[in-house]
Each structure stands twice: as structure tokens, then as C-alpha cells.
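Accompanying notes for the structure given below.
The values are calculated or read from the model by the stated rules, or taken from the named source; none is laboratory data. What you see is a predicted model, and the numbers here were worked out from it, not measured in a lab. Glycine gets a Cβ as well: all are built from the backbone with ideal geometry, and neighbour counts include every protein chain shown. The protein model used for the area step is the full one, side chains on, heavy atoms only, and it has no ligands, DNA or RNA in it. Shrake-Rupley method; radii C 1.70, N 1.55, O 1.52, S 1.80 Å.
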Amino acid sequence: MTAGLTLGDLALRFGCELRGDPDTTVVQVATLAHAHDGCISFLANPRYRHALADTGASAVIVSQEDAEHCPVAALISDDPYVLYARVADALHPAPEFAPGVHATAVVHPHARVADTAHVAAGAVIESGAVISDGAVVGPGCIVMDNAMVGAGSRLVASVTLCEEVRLGARVLIHPGAVIGADGFGLARAPEGWVKVPQVGSVDIGDDVEIGASTTIDRGAIDDTVIEAGCKLDNQIQIAHNVRIGEHTVIAACSGVSGSTTIGKRCMIAGAVGFVGHLAIADDVVVTGQTMVNKSITKAGVYSSALPMDEARQWRRNSARFRQLDDMARRLKKLEKRLEALDRKRTDDEH
Amino acid sequence: MTAGLTLGDLALRFGCELRGDPDTTVVQVATLAHAHDGCISFLANPRYRHALADTGASAVIVSQEDAEHCPVAALISDDPYVLYARVADALHPAPEFAPGVHATAVVHPHARVADTAHVAAGAVIESGAVISDGAVVGPGCIVMDNAMVGAGSRLVASVTLCEEVRLGARVLIHPGAVIGADGFGLARAPEGWVKVPQVGSVDIGDDVEIGASTTIDRGAIDDTVIEAGCKLDNQIQIAHNVRIGEHTVIAACSGVSGSTTIGKRCMIAGAVGFVGHLAIADDVVVTGQTMVNKSITKAGVYSSALPMDEARQWRRNSARFRQLDDMARRLKKLEKRLEALDRKRTDDEH
Amino acid sequence: MTAGLTLGDLALRFGCELRGDPDTTVVQVATLAHAHDGCISFLANPRYRHALADTGASAVIVSQEDAEHCPVAALISDDPYVLYARVADALHPAPEFAPGVHATAVVHPHARVADTAHVAAGAVIESGAVISDGAVVGPGCIVMDNAMVGAGSRLVASVTLCEEVRLGARVLIHPGAVIGADGFGLARAPEGWVKVPQVGSVDIGDDVEIGASTTIDRGAIDDTVIEAGCKLDNQIQIAHNVRIGEHTVIAACSGVSGSTTIGKRCMIAGAVGFVGHLAIADDVVVTGQTMVNKSITKAGVYSSALPMDEARQWRRNSARFRQLDDMARRLKKLEKRLEALDRKRTDDEH
């Protein structure tokens, strides 16, 4: 936490309108409901609008429209959530790490660690690896042979980068993530499965964030690629030779099978599964638990998961699902019979 | 394994009825099918009743009802599985760990480790962290700045606790779990996604168990909370600001999206997904692979996953699913036409 | 990478037909599209046949049929993908590891490490553990009490083997995998959940490969068993007392619940969930995201996930799903009414 910033400072720094005393100091962010003196809060989701009137915050980040109803000082923005993100970053900056290599870290003599980089206790940096300016390799991280961590990137803790993996600048990787393990390549021979060597690597662009325990496999021949600005949540699985376009976000527990390419600025919800060898257009949105079983050629929203029901109703309906084709045929037959009846009746009448 | 316990000791210790020789000693647990002399087994699931007659066990834990058919000594309980759990714990107690810090562990001078705590090889304990009485930090675990491990808690191995995370007493965390990584908070700005600082933490209650490779994210502003007595299986994802009520159990591979609250004593099966901002009542049961897409206000059983079928049938039926709305409209139309026909016929008859 | 091999060498070593100059040397594998001089490529998937004509490769591994159209030297095989796997392994052999224990590895005095084994920086090997001939324990791996790593096996990095776990020969385990954590065994007592001690272990057969962040739990009483030749992808969850038959492959993000047994040579796609206590036959194929909710007694292909649709259509159809039982009843009623009408009409006509 910082010593605090005045609302005047914040308005000036982020170029936004201020209603209220520019000398008021805020020291931390808080939710509308839990804010107290010295806190700055925000209102972006209408479902929390009811909490505005009674907030204990010293100031609230709001839209022009909500500013009317703000009982305390207001920082006004067309996009309160983006402004909140910037203010929160100003008040709660990411931790700083002193340059240097901890005595218990193991750095191979053929690795290169920049003077301004930080390597924490218990980290292991193998031969040929490069840790660039200002990068942070947290405790227990493993950087294997010839892997490369770009400038200002941070491996939080217990991250594993396998051989040859390359990270761009300002990449942030959370604990337990594994980048560059072998892809799942197997050829079926009479005596069993033969391993297909995975000789590609992984290329991660600038400003990518990768969640805890997410796994991104190395390519079979060419590389697996995560383009700049992508944000991946926890426990995501990216198979070999996948390519994910710039600024695409993927929520937790989703998986992308081998050689599928996903476009730019897509938004993939949680627990979505992509089969392999697909091409997904730019600006596609996929809702939770969808099975993406074919390529998507145009922007739009796509789904496949059924909504929840009470188990009793659900059992009845799902039992009928197994009769669905039969039902469709019977429906067709009924339509034909009714048509015949109608025809007959009309004939009779003439 | 212990030197063994007599059936008389066990009956006395757990207050249960014994049929058989109290001086018989048992040294280990075993399944009915694989038990031999010196083993104690149990019968709780009726599907294994057939194995009772031929068991080689020296004693079996059974219900009053099954005791009639037990060919060997019987410890009788209203709930044989609970009694089995207690007997197994008596015969196979959790390992003991000698107090002390391994020479290769790295403990920051500003961390506090209780004299009775055990810190294993390769563990890293950062500044401000607290390891309480009798706690065990296993090999390769990382306890980051100001994190707190409650009395008698155990991090088995390769567990990561991020900054400020707090564990209650007797918490058990299995390898690869990551507690307190940043939540997935992003604001969409014209130039790309802006990271929303995650300034909350994680609060884990007493007697919680957390499975291997499970991830629990820190809160965006307020904390993520797992209440006392919860049991989480492996590879579960808990997003920021989720709250899970006391004694709720969640099976493997399930995920809970941000700000959802789950009640007390719920039982969530495997691979269930909760969307965000929901409220789930107490005593709710959710079956496997369900998408919980709305709040649940009353106890009950809830589902959404379809049962498996042979692929040929399944393809036919799932193709029809895409015509379901059309089928419903055609069905309605048929009903109307038939009604009209009926009416007409009745009119004709008069 | 090696110094390269001649096509004549490769043809001889793998017993395949060569069309072209046996003295041509290839040094690396490449895709048809990205190959250049000195590369050997392959054509196994018909979808890439179009790329054959323009390849820059020096040689291509092809079927007899495709050999006709190969513009460069051809190695001919009935199964080009298997031959490719072997050639790739010859050109890009797995890394060699020098025997010895790194100075920063921690090996308990009661552990046994073979002279020919390699133990990397930061690894921890606890009491009673055995590291066999030629085995590799990578950086940051934890081998707990009495665990056993078979000859020629490799733990790549940050792998955790819990107490007593046994690996066969030539097992390959990728980073973040956890073998032998406690199974999810709980008994419900009035005061909350009682932990059921998990006293079994895990037994992994020869030539098994286990993906990044996959978790395999120890048995409750008997062992969890993965038979020889199985290949498990990333982020798979195997619960206690599961048994998986020889040469079965499972793709990423799938989960198998407790006590389920899967046969030999099965092929399980990604994100499949098996409920507990099932028996699955040999040679079963399960498609992606299926919920396997009952035992499978004969070989075949099984499914349950719905295909994706545009969200608008999908919402319409999935809303109807909740009326499916009602629709089925109404359809039946219509059929009866139409039959009655028909009968009546026939009666009238007579």
C-alpha cells in the first residue's frame, strides 16, 4: 500500500472529471459495502447500484449517469471499471523485487541472468537459459535449458518453463503453471503406442498472463503460440501447435486440443473444450462448458451446454433425449397422416 | 503401521458392540476380498455384501443387520463407514514429523516458525510468514510473504501459499495446490485488457482439506473464503471472492466462478461448473458435470449432464436436438389441427 | 540434434523402401509446409496432402499410394506416422543426463540412488526412496518416503511422488504431476466429515507416460493401478482404486472417479468424466466431454456431449429440452387421438 493519493492527483493522472474536494486523500480500494474513510470504491455492475447510497467510501468511481446519485466525492469515467483498474494499480502497485540472485538459487554457469533481474530462493536456472532485464523468477521456479524470460516478466512461484520456451516482455505467470511440456503425440504400432518426439517449442507474446496450474504444451514440430495480450485463467490446457490470437481471453478449466487456432479478441468462458484442428474466427464468444466441435467462421456467440434443472425433472427429460430421433420420426409421420386425413376430408367434401 | 490393537481396545475406545474374542489383535485394515489374518475389514456398501462370507479378515466392522451373517468377529456400528474411518486412523495414524527446520529450507529472518513446527527440505518461507505450533511445511513448499499456516496444519509437498493467505488449524493441503494466486480480473480498454489488481486474500477455515493441484484465487478486493470443515478434492478451481459454507464437499475437477457463494453441507460432484455471482442454498446436491447456471434457493438435487449412449444413437439424437424448437412448434400446430378436425367432425355430426 | 543421417541409413535401420538417393543426408524433421533443405517431413493425415507438391523437404515419409506424387525422395511405409515417430526419435533423440547427484539435491541417507541415475538441482529424495539405474529425477522433483522410481524412468521437473508410490521402467512423468496424494475418502459423521485414511498406494507399470499436472491418487486400502503402456495426457484426475488397463490412452482434462476400472487399449478423448465403481470393457472409445455414467460391457464408441450451435438457436432448443418429457407425452396422446380418429372414420365408412 502507498501513503495514499489525493483525488486531485488521480483526476489529473487519469484525465477524468472529479466532483468533490481534490485534497481528499484515499489510501486503498474497497467494495461499496465494506468501504470506510480513506477508501475509494467503484460502481460498474448495475447489480451493486443499491449499495451506492450507504457507502462509507471517501470517493467512488462512477459513470456520468451514476454520479448524480453518488453521496460522496466522485471520479467520473465512461468506463468506471477500467478507471478502477488504473486507480487500484496506483494505490496497490505490484511488488518491487530487488535485483540479485538468492544464495540458494541454482544458476547454471552457462545461463545468463541480467543484473537487474531477481531470482528468488530455491529457483533453478539451467544451461543456456536467459533471464532478461527486470525479470523476476520467484521461489521454486524451474527454467530449463535455453528457455528465455523476457524483460519485466514475472514467474510468481513454482512455475516450470521447459527447454527452449520463449516468453516476451511483461509476461506474468502464476504458480504451478507448466509451459512447454511434451505434447501428447503418439503413433499406434502393433506393439503399443510409440512416442512422437515433440521437437517444437512454445512462444509466448508480450503482456500475456497465465493462470495457476495452466499447462501449455510444446509443439510437435512447429511451435505452440500464444500471441501478445492474451489472458489465460487457471487450470487451462493448451495442446501442441495451438495458436491463440492477440488479446483473446480464456476462463478457467478450458482446454484447446492440438493444432486448433483461435482468433484475436475472442472471449472463451470456463470449462469450454475445443476439439483439434479447428479454426476459430476473431471476436468469437463461447459460453461456459461448450464443446466446440467444428470451426467457427464468423464472429458471434456459441454454446452447447444444457441449463441445470432439479434432478427429478432432469432425469425425465434426459431419458427422453434417447428417444429424440424416434420422436422426430413419429412427429413427421403424424404430420403426414394428418395431411392425408385433411386431403381425404376435402375430397369427401367435394 | 502400529503394533496392532485388540478388538476389546477398539470396542472400548469407540464405544461400539463387539461380537467375538476381545483379545484378538488386528494390525491393519483390508478389503473384505483381500483381507488375511490380522486384518480388520468393513462392510458399508451393500454391493460388497457377497464378499462377507468368504473374508479372511480377523474382524469386520458391520451394521447390526449384517452382523448376523459375519463369519468372524464383528464390531457393530450404526454407521460402519464412520467407525471404519476411526479404526483405520487408529491402526494407520498420520505420520509424525519431528520439530525443526531442515538445513536446506530457506526461512526469511522476518518469518516466524514455531519451535514445534516441521519445515522440510527445500521449503521456502518468506518474510512475515507464520508457521504455527505443530504445523508441517513439506518438501518444496513455498509460503510467501505474510502468509499464515495455522496450528497443526500440513502442506504435504510442493504446495504454494501466496502472499497474505491465512490457513486455520488442522488444514491439510495436498501437493501442487496453489492458494492465493491472482483472481482473473480484467477490464477491457481500447488498447487491450487492463489487469485489475487483486488486493484481497484467501481465508481458509479450520479442518479444511484441499486436494492435489486445486487452485483457490485471492479476492479482488474482499477475501475468498473457504469455511471450516470443507473438503475439496483434486484439480478444483475456486475463483476470486467465492465463499464456500461449512462442511461442504466438492469432488474433483469442479470449478466455481467469481463471487458465487455456496451454502453449508452441500455435496458437489465432479466436473461441475458454477457460473459467477450465484447464491447456492445450504444442503444442495449437484450431480456430475452439471452446469449450475442460476442460483439455487432450496435444498435438493440438481443436474444438467446427459447420460452416455452408443455414438451412433447419440449422433442421431443430438442432431435432432438442433430441431427441438422446431419440433415443439410443429407438435403444437398438430395439436391445434387435430383439435380443429375434432371440432369440425363434432359439428358435422350435429 | 544429431549430425544427421542418410536416407540409406534410415531405410536400412527401419526396414522401409527408399525412392531417391541413399546418400542424401537429413538433419531434422519439419512439416511439409515449413521444410527446407536437410529436412525430412511426413504425410499421414490426408488433410495435408495438398502440401506435398510444394514441399521444400529433402525427403518425405509417405504411404505407397502417396509416393507416386512425392516430388522429392520418399521413405515408404504402410504406416507413415509410426515411421515418422521412429525417424524423429533417431534425428532428435531424448536428452542424455550425466550420472550423479547435483550438489543442491537433498538425498536422505536412507534413500538409495543408483550410480547411473541423475538427480538434478533442488530435487528432494526422502528416506527409503529408491532411484533405479539410469533414472532421471529432474529439478525440483520430490520423491517421498519409500517411493520407487524404476530403471530408465524420468521425472522431468517439479514432479511429486508421494510415499510408497512405485513406478515401473521407462516411465516418463511431466512437470507438475502428483502421484499418490490421498484419495478423497470421507465418512459423514454428525459432527462433520471424518477423513478415511488412504493406506493404499499407486502402482505405475512400465512405459507409462503421464502428462503435466495430472494427479493420480493413492488407493484407500488396495492400490490404484496404471498398467504398462498407458499414456495419460495433461491435467487428468485419476481417483483412488481406479485401474487402467494396458495401452489405454486418455486425453487431457478427463477424470476417472473412484474404483472404476478401464480396460485395455481404450481411447478416451478430452474432458471425459467417469463416475465411480464402473467397469469399462477393452477397446472402448469415448468421445470428448462425455459423461460415462454406466459400465460399458462391449467395445465400441460412446458419447454424450451436444454439438455447439449459435447461442440464439441454442437457447431456443435448450429451453425446449426442459419440455421434452411433456412433448413426448403429448406426441403419444396425438398418436392415440389420430388412431381413434382413423378408426372412427373407418367405422363410418363401413
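Rounded to the nearest 0.05, what FRET efficiency do residue B:295 and residue A:345 have when you use their Cβ-Cβ distance and R0 = 45 Å? Write out the running numbers ahead of the final one.
Numbers: r = 52 Å, r/R0 = 1.15.
Given R0 = 45 Å and the Cβ-Cβ separation, E is 0.30.
Dipole magnitude for the range C:1-141: about 380 debye, using +1 per Lys or Arg Cβ and -1 per Asp or Glu Cβ, origin at the Cα centre.
Just report the Cα centroid separation between the range C:136-207 and the range A:136-167, whole Å. Using only Cα atoms to place each centre, the spacing works out to 25 Å.
Pairing chain A with chain B buries about 6300 Å² of accessible area. This figure sums both sides and uses a 1.4 Å probe.
A DSSP coil position with no more than 14 other Cβ atoms inside 10 Å describes none of the trypsin sites (Lys or Arg not before Pro) in the range A:156-209. At a probe radius of 1.4 angstrom, the accessible area of the range B:193-350 per residue rounds to 35 square angstrom. For the options A:79, A:66, A:326, a Gaussian network treatment of chain A with springs between C-alpha atoms closer than 10 Å singles out A:326 as fluctuating the most.
Solvent-free Debye calculation, one equal scatterer per alpha-carbon of the range A:66-207: log10 I(q)/I(0) at 0.12, 0.17 Å⁻¹ equals -0.60, -0.88. Within the accessible surface of the range B:5-104, defined with a 1.4 Å probe on protein heavy atoms only, the carbon and sulfur portion equals 52 percent.
In the range A:151-166, the residues that give up 30 Å² or more of accessible area when the other protein chains are added, compared with the chain on its own (1.4 Å probe), are A:158, A:160. Between the alpha-carbon centers of the range A:300-342 and the range A:79-127, tell me the distance in whole angstrom. Answer, in whole Å: 56. Tell me, what is a quarter of the convex hull surface for the C-alpha atoms of chain C, in nm² with one decimal? Here the figure is 30.3 nm², rounded to one decimal.
Over the whole of B:337-345, what's the average partner chain Cβ count within 10 Å per residue? Rounded to a whole number, please. Please list the in-between numbers first.
Details: counts 7, 8, 1, 1, 7, 3, 0, 1, 5.
That average works out to 4.
DSSP beta bridges in the protein assembly as shown, what fraction antiparallel, as a percent rounded to 5? Don't jump to the answer; show the numbers that get you there.
Values: 33 of 231 bridges.
Of all bridge pairs located within the protein assembly as shown, approximately 15 percent are antiparallel.
Across peptide C:138-148, the mean count of Cβ atoms from other chains lying within 10 Å of each residue's own Cβ comes to 5. What the Cα atoms of the range B:1-108 give is an Rg and a Dmax of 16.7, 61 Å. The residues of the range B:247-290 listed by number as losing at least 30 Å² of accessible area in the complex, against the isolated chain and with a 1.4 Å probe, are B:247, B:249, B:253, B:267, B:277, B:289. Dimensions of the protein assembly as shown from C-alpha coordinates, computed as largest minus smallest value along each principal axis and given longest first, are 103, 84, 81 Å.
Whole number in Å², please: accessible area per residue of the range C:44-132, 1.4 Å probe, ligands, DNA and RNA not counted. Present the calculation step by step, with values, prior to reporting the outcome.
Numbers: 4240 Å² over 89 residues.
With the other protein chains kept in place, the range C:44-132 gives 48 Å² per residue.
Taking B:21, B:283, B:325 as the candidate residues, the one with maximal mean-square fluctuation in a Gaussian network model of chain B, Cα springs under 10 Å, is B:325. Beyond 15 Å, the tail of the calculated P(r) for the range C:225-294 holds 42 percent of the Cα pairs.
With the simple spin-label model, which puts each label point 7 Å out from Cα in the Cβ direction, the residue A:34 to residue A:68 separation comes to 3.2 nm.
Using per-residue counts of other Cβ atoms within 10 Å, averaged over each peptide, order C:316-322, A:176-182, C:47-53 from highest down. Walk me through the intermediate numbers first.
Numbers: C:316-322: 19.0, A:176-182: 29.1, C:47-53: 13.0.
So the peptides C:316-322, A:176-182, C:47-53, ranked by packing, come out A:176-182, C:316-322, C:47-53.
Evaluated at 25 °C with a viscosity of 0.890 mPa s, what Stokes-Einstein diffusion coefficient in µm²/s does the range B:198-325 have when Rh comes from the Kirkwood expression over alpha-carbon pairs? Answer from the Stokes-Einstein relation: 161 µm²/s.
Expressed as a whole percent, the proportion of Cα-Cα pairs in the range C:130-170 lying more than 16 Å apart is 23%.
Compute the normalised compactness of the range A:243-284: alpha-carbon radius of gyration over 2.2 N^0.38 Å, N being the residue count. Don't skip to the answer; put the middle values down first.
On the way: Rg = 9.2 Å, N = 42, 2.2 N^0.38 = 9.1 Å.
The range A:243-284 yields a ratio of 1.01.
Averaged over the residues of peptide C:85-95, the number of Cβ atoms from other protein chains lying within 10 Å of each residue's Cβ is 4.
Against the criterion of solvent-accessible heavy-atom surface with a 1.4 angstrom probe, C:231, B:264, C:333 sort, most first, into C:333, B:264, C:231.
Assuming 0.36 nm per residue, please report the length gained on full extension of the stretch residue C:115 to residue C:9 beyond their Cα-Cα distance.
Working: separation 106, 0.36 × 106 = 38.16 nm, distance 3.39 nm.
Working it through step by step, the gained length comes to 34.8 nm.
Atom-type composition of the exposed protein surface of the range C:115-273 places 50 percent of the accessible area on carbon and sulfur (1.4 angstrom probe).
The calculated FRET efficiency for the pair residue B:316 and residue A:319, based on their C-beta separation and a Förster distance of 25 Å, comes to about 0.95. A probe of 1.4 angstrom, applied to the heavy atoms of all protein chains, finds residue B:329 with accessible area near 130 square angstrom.
Taking a 20 Å limit on the Cα-Cα distance, which of the listed pairs A:344/C:333; A:336/B:336; B:231/C:231; B:332/C:332; A:294/C:264 fall beyond it?
Values: A:344/C:333 22 Å; A:336/B:336 15 Å; B:231/C:231 30 Å; B:332/C:332 13 Å; A:294/C:264 30 Å.
Where the Cα-Cα span goes over 20 Å, the pairs concerned are A:344/C:333; B:231/C:231; A:294/C:264.
Looking only at GluC sites (Glu not before Pro) in DSSP loops with at most 15 other Cβ atoms within 10 Å, what is the longest site-free stretch of chain A? It works out to A:192-350.
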